[in-house]
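Notes for the one structure printed next.
The values are calculated or read from the model by the stated rules, or taken from the named source; none is laboratory data. On a predicted model such as this, the values are computed, not experimentally measured, just so you know. All Cβ positions, glycine included, derive from the backbone under ideal geometry; neighbour counts span all protein chains shown. For the accessible areas, the whole protein counts, side chains as well, though only heavy atoms, and no ligand, DNA or RNA atoms are used. Shrake-Rupley method; radii C 1.70, N 1.55, O 1.52, S 1.80 Å.
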2 protein chains.
Amino acid sequence: MKDLIPQLKKIVAPGQVLTEKEDLIPYGFDGTAAMKEPALCVVFPGDVSELAAVVKLAAETGTPLVTRGSGTGLSGGSVPVKNGVVVCLVRLNRILEVDARNLTLTAECGAITKDVADEAEKAGLFYPPDPGSMKISTIGGNVAENSGGLRGLKYGVTRNYVMGLEVVLPNGDICRYGNKCVKDVAGYSMKDLFIGSEGTLGIVTRVLLRLLPKPPARRTMLASFSSMEAAAATVSAIIEARVIPCTLEFLDRVTVRCVEEYAGIGLPLDAEAILLMETDGHPAVVEEEAERMTAIARDNGATDVKVAADEEEGLRLATARRAAFSALARMRPTTILEDVTVPRSELTKMVRRIQEVGERYDLTIGTFGHMGDGNLHPTILTDERNREEMERVEKAMHEMFDYAIELGGTITGEHGVGLAKKAFLAAQFSENSYALMKTLKHTLDPRGILNPGKIFD
Amino acid sequence: MKDLIPQLKKIVAPGQVLTEKEDLIPYGFDGTAAMKEPALCVVFPGDVSELAAVVKLAAETGTPLVTRGSGTGLSGGSVPVKNGVVVCLVRLNRILEVDARNLTLTAECGAITKDVADEAEKAGLFYPPDPGSMKISTIGGNVAENSGGLRGLKYGVTRNYVMGLEVVLPNGDICRYGNKCVKDVAGYSMKDLFIGSEGTLGIVTRVLLRLLPKPPARRTMLASFSSMEAAAATVSAIIEARVIPCTLEFLDRVTVRCVEEYAGIGLPLDAEAILLMETDGHPAVVEEEAERMTAIARDNGATDVKVAADEEEGLRLATARRAAFSALARMRPTTILEDVTVPRSELTKMVRRIQEVGERYDLTIGTFGHMGDGNLHPTILTDERNREEMERVEKAMHEMFDYAIELGGTITGEHGVGLAKKAFLAAQFSENSYALMKTLKHTLDPRGILNPGKIFD
């Protein structure tokens, strides 16, 4: 163990191992509130064979490894473990190919999500998953967390766009699964096991992504409501009318006020809830769906529906939604962003319960999220130094998770389990179902090298 | 072992264990040519707890189990293993719920695929996967094989529509994964491990399926070509024009002639290839895409493009494609339906090679398939009693598989590995990648109870 660092330095290029205390600080936490742990060191492999050598060394020495991209995770998945090495993969950041004939893109894990989307767009193509942090998140991190985004309703999540993976196993072996075929049933779907496994089963080093033709038109609308229930009813009514827009996002009163103060885009401050609605596709479809959604919103009590005049105004409205987390985070020292998700039919119940829980525990909760997906982000504004308040936060979170599960939902729709949710995971599964997941972890990583203590104890 | 049958009879209702030789015959093979093995007995559990009891008994006695639905599989996946029990799940055939608010359908594994699609349609909804055998195949079999179909290009395959599963593990435990949430990242995606695992990791007993709104319009076209290359070029050009139709199916000259003789629908007998093209969605989009596809086909040398006047005529044209396998199967005693798949950009090369291989080995090969998916079904018409010819068949198949892999393709796009392809599977993977799949099998099923000898030895 004591000569681990010299050995790591032999594997990677000079300067690619950080060991000084002050250098390690930024790698001691990710986007999750109230979670940090100093790393023993941070290593930056330059390619997959260096990474494999690092993993082999870790396996031989029993050293825990925590993989990290840009550190934007929201469940503590890339927070270091005690005496563990952080493997930061930002150097593997090349976009290797856009194949317009097969509608695919190949990238290294450290490529920035937005760069992937931009490269696709240059070829007239479209990479739909757009997690909130896409300007800085890495595609490998997206795959490890199976990230969602604002377009999940129509386009699905990261998993739906991964055709192939290169992955380094906990023993340092390099495996490759998938190809450019749109159909392939040869063997088990191993890539699906690694997608969303949060760095606990293998380290994703390269991804082959499926692209779509870029939708030729888009229309953005913003509806205001005097109650959250009316916004939720609008979402249900749109789906029941067989319209599947690309985006149905909402912000509650608390969030609207924070965003407006932060970004000043002219949001209606008197609204109890606003709904950002976006449709894309063929111009005729966009036209028709925009009209239908506007009418449905009005029928369900929208006090105002604003249709963006052009792409630019639409982008500005969408930016309001994207700014929600940052805007809320400015209000109090600690921002706990939750991720409960329920079947769409249960949205109104869940939203009401979140409000009620917030009031009962005297907490400030701003709620926003992907209403069309039933994916809510109740965001608790608190102060981790205030122990008494944090106890109330814990209780409130617990009640929200329990209720989500009771409604047939999940404790996490897109942020992952990591450290933040692992205490709650078992409640969502039967004993057998939970045990089998642990069995898989133990099979692939018997020494517990990769991201130990995440997802499970 | 010798009192296994009495014990099975105690688990299920009277008459639900078949043991007489003549009763066992229909369960000794599936849709795959030249593969049969008599079962020890066939048992028909009436519900999941009876099934779990059967599996527990098998685990205790080390009895191999082969799960079977309607037996339409095309890779020998449900062919019995020596001294094994066939578990036939056709009694678990209820469609339990269509949830129009959440766009889901819940069914038992033995429900017929077409019944699932019909139930969805009654609610104005749409279950897209449509494997060729959907009139008789079971939904559980579709999940076990991750079945494709004629709409894969636009809509994907069975996996893309499975939101949740109930599954009986090789030790008899019952597990449940997934829910009605459109986003869920709590724990590993266990359902994805079971989908396409061909009954080797667990027995799927219940499925929760995602539905879509039913596309309001549809248009079917039939283009004739004087060369297969022209048909393949048309497919490439359509995708490059950023049109993703729901169906791009082709039939070669041999198949066209067989189908016409069989069904008499007025197919052009002088064509070297025909392309069945279908677009669905909003009427304006359908109109526009139909025009563009017609123009592209003409630009790429189509000698004729026939647009179906109405839904009924469209259905008749689609029926021609669906009849391909049955029509070819009438020609010679043995029909070997292959399933090689390549990236779309490599279609022309693959099609040419299949023709060339057929000529070189003096075999009659009718080729049809899902050209838009790169998924080809070269169908060898032969006679399994003719050993010399079968040797040539083996060699031809081997060459086709090798070439598909060389082109970045797969040995099976939608039929599975089963018995038929297991000798070729390793060639598609690196040693590590292949070994990990075997490790998973061994972990979940250490005694090799479930469908032993399928996928791997």
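Rounded to the nearest 20 debye, the dipole size of segment A:335-419 about its Cα centre is 200 debye, using +1 on the Cβ of Lys and Arg and -1 on the Cβ of Asp and Glu. According to the square roots a ≥ b ≥ c of the eigenvalues of the Cα gyration tensor, what is the shape class of segment A:217-325, taking rounded for a/c under 1.5, prolate for a/b larger than b/c otherwise, and oblate for the remainder? Because a/c hits 1.5 or more and a/b fails to exceed b/c, segment A:217-325 counts as oblate.
Normalised by 2.2 N^0.38 Å, with N the number of residues, the alpha-carbon radius of gyration of segment B:4-88 equals 1.02. Between this copy and the others, label points of residue B:326 are 6.1 nm apart in ascending order, each placed 7 angstrom from Cα in the Cβ direction.
Might you report the magnitude of the Cβ-based charge dipole of segment A:95-213 about its Cα centre, with Lys and Arg at +1 and Asp and Glu at -1, to the nearest 20 debye? Spell out each step's value before the answer.
Working: 13 positive and 14 negative charges, 72 e Å.
The dipole magnitude comes to about 340 debye.
Excluding same-chain neighbours fewer than eight residues apart, the lysines reachable from residue B:395 by a Cα-Cα span under 18 Å are B:421, B:422.
Estimated at 0.36 nm per residue, the fully extended path between residue B:241 and residue B:310 surpasses their Cα-Cα distance by 22.3 nm. Roughly what % of Cα-Cα distances in segment A:332-423 sit above 16 Å, to the whole percent? Here the long-distance tail beyond 16 Å is 49 percent of all Cα pairs in segment A:332-423. What angle do you read, to the nearest 10 degrees and between 0 and 90, between the alpha-carbon axis of helix A:228-240 and the longest principal axis of chain A? The answer is roughly 80 degrees. Only one residue of A:357, A:138, B:439 has its Cα farthest out toward the positive end of the dipole of the protein assembly as shown, where Lys and Arg carry +1 and Asp and Glu -1 on Cβ, and that residue is B:439.
Express the Stokes-Einstein translational diffusion coefficient of chain A in µm² s⁻¹, to the nearest whole number, given a Kirkwood radius over alpha-carbon pairs, 20 °C and a viscosity of 1.002 mPa s.
Numbers: Rh = 22.8 Å.
Roughly 94 µm²/s, to the nearest whole number.
Between residue A:387 and residue B:362, what FRET efficiency follows from the Cβ-Cβ distance if R0 is 56 Å, with the result rounded to 0.05?
Values: r = 84 Å, r/R0 = 1.49.
The value I calculate is 0.10.
Largest first, the extents of the alpha carbon coordinates of segment A:392-457 on the three principal axes equal 36, 24, 19 Å. With contacts taken as Cα pairs under 8 Å at a separation of at least 6 residues, segment B:274-404 carries a relative contact order of 23 percent.
Farthest towards the positive end of the charge dipole of segment A:217-325, among the residues A:256, A:276, A:220, is the Cα of A:256, using unit charges on the Cβ of Lys, Arg, Asp and Glu.
Between this copy and the others, label points of residue A:356 are 7.1 nm apart in ascending order, each placed 7 angstrom from Cα in the Cβ direction.
The dipole here belongs to the protein assembly as shown: it is taken about the Cα centre, uses +1 on the Cβ of Lys and Arg and -1 on the Cβ of Asp and Glu, and is about 1560 debye.
Per-residue ellipticity at 222 nm from helix content only, as computed over chain A with -39500 (n - 2.57) for each DSSP H run of at least four residues, stands at -10500 deg cm²/dmol. Relative to the longest principal axis of the Cα atoms of chain B, the long axis of helix B:431-444 lies at roughly 40 degrees. Angle of helix A:48-61 to the longest C-alpha principal axis of chain A, folded into 0 to 90 degrees and rounded to 10: 70°. Accessible area ranking (1.4 Å probe, heavy atoms, ligands and nucleic acids excluded), largest first, for A:344, B:218, A:385: A:385, B:218, A:344. Our compactness index for the protein assembly as shown, the C-alpha radius of gyration over the empirical 2.2 N^0.38 Å, is 0.94. Label 7 Å along Cα→Cβ of residue A:438; segment A:383-421 residues with amide nitrogen under 13 Å? So the set is empty, nothing qualifies. The count of lysine pairs in segment B:1-117 with alpha-carbon distances below 19 Å, taking only pairs 8 or more places apart or on different chains, stands at 10. Contact order, relative form, for chain A: 16 percent (alpha carbon pairs under 8 Å, 6 or more residues apart, mean separation divided by residue count). Note on the protein assembly as shown: dipole from Cβ charges, positive end direction compared against B:267, B:201, B:189; the farthest Cα belongs to B:201. Within the accessible area of segment A:95-213, the carbon and sulfur atoms contribute 48%, probe 1.4 Å, all protein chains present.
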